[in-house]
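The values are calculated or read from the model by the stated rules, or taken from the named source; none is laboratory data. Here the structure is a predicted model, which means the values were calculated and not measured. Cβ: placed from backbone, ideal geometry, glycine included. Neighbour counts: every protein chain shown. What goes into the accessible areas is simple: the full protein's heavy atoms, side chains included, and nothing from ligands, DNA or RNA. Shrake-Rupley method; radii C 1.70, N 1.55, O 1.52, S 1.80 Å.
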Amino acid sequence: MKTQVAHLLHRSLRYLESGSGRTLLLLHAFPLSADQWLPQLHRVPPGWRFIAPDLRGFRGMGPAFEDLGLNGLTIEDYADDVLALMTHLEIEDAAVAGLSMGGYVAFGMLRRAPERVSALVLSNSRAVADSPQARDARAVSIAMVEREGAAGIAREMSPRLLGDTTRGGQPDLEEAVKRLILVNAPGAIIAALAALRDRPESTSLLSSIAVPTLVIAGDEDAIVNITESRSMQQAIPRSTLVTLPRTGHLGNLEAPGPWSTAADTFLAGL
């Protein structure tokens, strides 16, 4: 596995890369980074190249990564960055796997350039926009990060990101997730919360998705429940649903073997 930096037109973007062949883009959840995908990057199936970028602002360190493009940031801006990375790497089209916020970015890519998405994995994600109550909760979270920095969102979110079974049987994983959160700058977290709050709904997009799609859910996910995942999957024509038992919102970290097996089986059928 290699850590790379792509110097795009308006910013530098860090990404992790492993394997060779057809491309799968791995888009991380909020408020983590590309490092979320280390288990998958260490076991890439033959014939595939996995690329995991940091979404704008996440894990940005040093002068090369100072980014003034966080004000008014949208989900479409994240999508444009990923598409620009594809162009930089001369990737015409790719399979795209997005977990939670990464799924919202995948929807943004479909709105922007559907011809560049050859297959889709939507893990622990949803198509609906934020409800008024969820928007209010985002505002509370923004105020908390302004007061406390990344430590506040790590304290509040890390217990909800993992299922009860994981928290009981893998106590070290919660600390690892907190560390992934704490390396992020407060400005990046605040910008992402606003982008999540204001994101467009994608339910109207589902019936038009023409590429093979895998939906992955966790039966202990406290953020996106199985009923919601099933409804989304049923609205996408060429899709299947895999439910991972005893996992919460971060299935690729809580059960990396079963998550990778589901994804690899799907990729093998493309």
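Among the candidates LEU253, LEU270, which residue alone is within 23 Å of PRO45 (Cα to Cα), in contact (Cβ under 8 Å) with a residue 60 or more places away in the chain, open to solvent by 30 Å² or more (accessible area, probe 1.4 Å) and not charged (D, E, K, R)?
LEU270
In region 127-146, which residue that is assigned to a helix (DSSP H, G or I) and of a type in the set (D, E, K, R) is surrounded by the most Cβ atoms within 10 Å (Cβ to Cβ)?
So the residue we want is ARG138.
Among the candidates ILE236, ILE216, ILE209, which residue alone is under 22 Å from LEU162 (Cα atoms) and either open to solvent by less than 60 Å² (accessible area, probe 1.4 Å) or touching a Phe, Trp or Tyr at 6+ places or on another chain (Cβ under 7 Å) (or both)? If you could, list the steps in order and put the result at the bottom.
Values: ILE236 fails: under 22 Å from LEU162 (Cα atoms); ILE209 fails: under 22 Å from LEU162 (Cα atoms).
So the residue among ILE236, ILE216, ILE209 that is under 22 Å from LEU162 (Cα atoms) and either open to solvent by less than 60 Å² (accessible area, probe 1.4 Å) or touching a Phe, Trp or Tyr at 6+ places or on another chain (Cβ under 7 Å) (or both) is ILE216.
In region 82-126, which residues are assigned to a loop (DSSP other than H, G, I, E, B) and either over 24 Å from ALA222 (Cα atoms) or open to solvent by 10 Å² or more (accessible area, probe 1.4 Å) (or both)?
Listed by number, the residues that qualify are LEU89, GLU90, ILE91, GLU92, ASP93, SER100, ALA113, ARG126.
For region 11-20, does any single residue satisfy the condition of being open to solvent by less than 10 Å² (accessible area, probe 1.4 Å) and modelled with pLDDT of 95 or more?
Yes.
Could you list, in sequence order, the residues of region 58-80 that are at pLDDT 95 or above and over 16 Å from ALA194 (Cα atoms)?
ASP80
Restricting the first residue to region 29-46 and requiring it to be open to solvent by 10 Å² or more (accessible area, probe 1.4 Å), which pairs with a second residue that is of a type in the set (Phe, Trp, Tyr) meet a Cβ separation below 7 Å and a spacing of at least six or different chains?
Close Cβ pairs (under 7 Å, with a partner that is of a type in the set (Phe, Trp, Tyr)) amount to VAL44/PHE50.
Of the numbered conditions (1) under 20 Å from LEU32 (Cα atoms); (2) touching a helix residue (DSSP H, G or I) at 6+ places or on another chain (Cβ under 7 Å), ALA185 fails exactly one; give the number of that condition.
Among (1) under 20 Å from LEU32 (Cα atoms); (2) touching a helix residue (DSSP H, G or I) at 6+ places or on another chain (Cβ under 7 Å), the lone unmet condition for ALA185 is (2).
Return the total of residues in region 147-197 being among the polar types (S, T, N, Q) and in a helix (DSSP H, G or I).
3
Return the total of residues in region 219-233 being part of a loop (DSSP other than H, G, I, E, B) and either of a type in the set (Lys, Arg) or open to solvent by 60 Å² or more (accessible area, probe 1.4 Å) (or both).
Taking region 219-233 as the starting set, the residues that turn out to be part of a loop (DSSP other than H, G, I, E, B) are 219-225.
Imposing the further condition that a residue be either of a type in the set (Lys, Arg) or open to solvent by 60 Å² or more (accessible area, probe 1.4 Å) (or both) reduces the set to 219, 222, 225.
Residues that pass the stated criteria total 3.
Could you list, in sequence order, the residues of region 173-185 that are surrounded by fewer than 20 Cβ atoms within 10 Å (Cβ to Cβ) and in contact with an Asp or Glu (Cβ under 8 Å, 6 or more places away or on another chain)?
Of everything in region 173-185, just one residue is surrounded by fewer than 20 Cβ atoms within 10 Å (Cβ to Cβ) and in contact with an Asp or Glu (Cβ under 8 Å, 6 or more places away or on another chain), namely LEU173.
Hey, SER204 hits all of (1) assigned to a loop (DSSP other than H, G, I, E, B); (2) exposed (fewer than 14 other Cβ atoms within 10 Å of the Cβ) but one; which does it fall short on?
Looking at each condition in turn, SER204 falls short on (1).
What are the pairs, 6+ residues apart or on separate chains, where a residue within region 108-133 that is without any contact (Cβ under 8 Å) to a residue 60 or more places away in the chain has its Cβ under 6 Å from a residue that is surrounded by fewer than 21 Cβ atoms within 10 Å (Cβ to Cβ) and not charged (D, E, K, R)?
Pairs found: ALA113/LEU83.
Quick check on my filter: what residues within region 155-172 are more than 21 Å from ASN225 (Cα to Cα) and either β-branched (Val, Ile, Thr) or touching a helix residue (DSSP H, G or I) at 6+ places or on another chain (Cβ under 9 Å) (or both)?
The answer is ARG155, GLN170.
Would you mind finding the one in ARG160, ARG179, ARG199 that is farther than 17 Å from GLN36 by Cα and not polar (S, T, N, Q)? Even if it seems obvious, please write down each step before you answer.
Values: ARG160 fails: farther than 17 Å from GLN36 by Cα; ARG179 fails: farther than 17 Å from GLN36 by Cα.
That would be ARG199, the only listed residue that is farther than 17 Å from GLN36 by Cα and not polar (S, T, N, Q).
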